[in-house]
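In what follows, a structure is listed as structure tokens, so that the remarks can point back to it.
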Amino acid sequence: TKGEEMKIKGIRWWMVGLVTAGLIVNYLARNTLSVAAPTLMSELSISTEQYSHIVVAWQVCYALMQPVAGYIIDAIGTKMGFAIFAVACSAACAAAAFATGWQSLAIFRGMLGLTEAAGLPAGVKATTEWFPAKERSVAIGWFNIGSSIGALLAPPLVVWAILQSGWELAFLIVGGLGIVWSGLWLVLYKHPRDQKRLSDTERDYILSGQESHLKDVPTQKGSWKKIITSRNFYAIASARILSEPAWQTFNAWIPLYLMTERHMNIKEIAMFAWLPFLAADIGCVLGGYLSPFFHKYCKVSLFTSRKLVLL
């Protein structure tokens, strides 16, 4: 039938691609500062200590806002929640181009932290809506490469912008990309129950593999108390607490380190600063596939297979 012809096979993977694109822009916005840092610090007379205050402004706002962003996305829905935060994030990124000193830059980056915080919660939420449990680690592994691809693309993009016009252009370009993605997200993203291009076969496959509480509409309201008293929460959080210091150091300091300690010029930074993030891309995808690998070949439960990946 004509209706059947409009169905898109494997549309859930297209949805992951859309989320991945959003996280690429998200991390482009995040890493634009670190690549531009050597240049803008010189032009705005910002010391290394003042730069650290700018970095901390982003990190504090990002950390405090993440649970709030997750709550808002649960309350108003993945589509509108992610779109609102993405537009605000784009504006905050572009605003950094108008900074006149470290204080104003810290304010703009703090605003970016507040708005960027929705990226990962929204991505996980979208994946939960679109994938059965057994495929979810693979899907999250793929969308997570968006964070590393964004960081990987930042050095050549920012250096090109600096050589063409100035560091301000880099923030404006990334802000513009965020607005474009927000429009695409609003047009293309739909919940599986509302997506007319989703075939009945794929819808049944998604729903049959989801946990029972995810099939109920509307979903139950979350409980902060239940989360923060859960052993599982602290088990997962401990892995992030141990890994984030290294990850954030790479995100915020690598280009400045390469210039000041390794005496690289701006073109050499563009050539080498992206390498850690390429390795992170490989890790994201590999980690996603390890869970179903353990589940299938080590004959362990899906839950145990995920714990093995974390281990």
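The values are calculated or read from the model by the stated rules, or taken from the named source; none is laboratory data. Quantities reported herein were computed from a predicted structural model and do not represent experimental measurements. Every residue, glycine among them, receives a Cβ derived from its backbone with ideal geometry; neighbour counts consider all protein chains shown. These area figures cover heavy atoms from the full protein model, side chains too; ligands, DNA and RNA do not enter into them. Shrake-Rupley method; radii C 1.70, N 1.55, O 1.52, S 1.80 Å.
Only one of these is open to solvent by 10 Å² or more (accessible area, probe 1.4 Å), among the aromatic types (Phe, Trp, Tyr), assigned to a helix (DSSP H, G or I) and at pLDDT 90 or above: TRP181, TRP185. Name it.
Working: TRP185 fails: open to solvent by 10 Å² or more (accessible area, probe 1.4 Å).
Testing whether each residue is open to solvent by 10 Å² or more (accessible area, probe 1.4 Å), among the aromatic types (Phe, Trp, Tyr), assigned to a helix (DSSP H, G or I) and at pLDDT 90 or above leaves just TRP181.
For the stretch 42-59, which residues satisfy the criterion of being part of a helix (DSSP H, G or I) and either touching a residue at least 24 places away in the same chain (Cβ under 8 Å) or open to solvent by less than 20 Å² (accessible area, probe 1.4 Å) (or both)? Quick ask: steps written out before the conclusion?
Residues of the stretch 42-59 that are part of a helix (DSSP H, G or I), as a first pass: 42-43, 48-59.
Within the stretch 42-59, GLU43, THR48, GLN50, TYR51, HIS53, ILE54, VAL55, ALA57, TRP58, GLN59 qualify.
Which of the residues spanning the stretch 242-283 are assigned to a helix (DSSP H, G or I) and among the acidic types (Asp, Glu)?
First, pick out the residues of the stretch 242-283 that are assigned to a helix (DSSP H, G or I): 242-260, 266-272, 275-283.
Hits for the stretch 242-283 are GLU244, GLU268, ASP281.
What pairs come out if I take residues in the stretch 104-122 that are within 15 Å of VAL68 (Cα to Cα) and pair them with residues that are among the polar types (S, T, N, Q) and open to solvent by 30 Å² or more (accessible area, probe 1.4 Å) whose C-beta lies under 8 Å away, six or more apart or interchain?
Sorted first by the residue in the stretch 104-122, then by its partner, the pairs are GLY113/GLN59; ALA117/GLN66; LEU120/GLN66; PRO121/GLN66.
Out of ALA133, ALA94, report the one residue that is small (Gly, Ala, Ser), over 22 Å from ASP74 (Cβ atoms) and open to solvent by less than 30 Å² (accessible area, probe 1.4 Å).
That would be ALA94, the only listed residue that is small (Gly, Ala, Ser), over 22 Å from ASP74 (Cβ atoms) and open to solvent by less than 30 Å² (accessible area, probe 1.4 Å).
If GLN195 satisfies all but one of (1) part of a helix (DSSP H, G or I); (2) over 21 Å from TRP274 (Cβ atoms), what's the number of the condition it fails?
GLN195 satisfies all of (1) part of a helix (DSSP H, G or I); (2) over 21 Å from TRP274 (Cβ atoms) except (1).
Any residue in the stretch 65-83 that is open to solvent by 50 Å² or more (accessible area, probe 1.4 Å) and touching a Pro at 6+ places or on another chain (Cβ under 7 Å)? Steps first, answer last, please.
Quick first cut of the stretch 65-83, residues open to solvent by 50 Å² or more (accessible area, probe 1.4 Å) only: 66-68, 71-72, 74-76, 79-80.
Among the residues that remain, those that are also touching a Pro at 6+ places or on another chain (Cβ under 7 Å) are: 66.
Yes, the stretch 65-83 has at least one match.
Look through VAL138, VAL159 and report the one residue that is in contact with a helix residue (DSSP H, G or I) (Cβ under 7 Å, 6 or more places away or on another chain), surrounded by 24 or more Cβ atoms within 10 Å (Cβ to Cβ) and not aromatic (Phe, Trp, Tyr). Walk me through how you get there before you give the answer.
Details: VAL138 fails: surrounded by 24 or more Cβ atoms within 10 Å (Cβ to Cβ).
Going through VAL138, VAL159 in turn, the sole match is VAL159.
Identify the residue in the stretch 258-287 that is touching a Ser or Thr at 6+ places or on another chain (Cβ under 9 Å) and farther than 15 Å from SER148 by Cβ and, among all such residues, is surrounded by the most Cβ atoms within 10 Å (Cβ to Cβ).
ILE266
In the stretch 93-175, which helices (runs of 4 or more DSSP H) lie fully inside it and hold 2 or more residues that are touching an Asp or Glu at 6+ places or on another chain (Cβ under 7 Å) and closer than 21 Å to VAL35 by Cβ?
Here the list reads 133-164.
Small (Gly, Ala, Ser), at pLDDT below 95, over 15 Å from LEU172 (Cα atoms) and out of contact with any Ser or Thr (no Cβ under 9 Å at 6 or more places or on another chain), is that true of GLY110?
Details: small (Gly, Ala, Ser): yes; at pLDDT below 95: no; over 15 Å from LEU172 (Cα atoms): yes; out of contact with any Ser or Thr (no Cβ under 9 Å at 6 or more places or on another chain): yes.
Answer is no for this residue.
When you scan the stretch 221-239, do you find a residue that is at pLDDT below 85 and among the polar types (S, T, N, Q), even just one?
Yes, the stretch 221-239 contains a residue that is at pLDDT below 85 and among the polar types (S, T, N, Q).
Go over the candidates LEU290, LEU302, LEU311 one by one and state the one that is aliphatic (A, V, I, L, M), farther than 18 Å from LEU157 by Cβ and open to solvent by 70 Å² or more (accessible area, probe 1.4 Å).
Numbers: LEU290 fails: open to solvent by 70 Å² or more (accessible area, probe 1.4 Å); LEU302 fails: open to solvent by 70 Å² or more (accessible area, probe 1.4 Å).
Going through LEU290, LEU302, LEU311 in turn, the sole match is LEU311.
Listed residues PHE250, PHE303, PHE233; which is of a type outside the set (Lys, Arg) and more than 21 Å from GLN66 (Cβ to Cβ)? Steps first, please.
Details: PHE250 fails: more than 21 Å from GLN66 (Cβ to Cβ); PHE233 fails: more than 21 Å from GLN66 (Cβ to Cβ).
After ruling out the rest, the residue left standing is PHE303.
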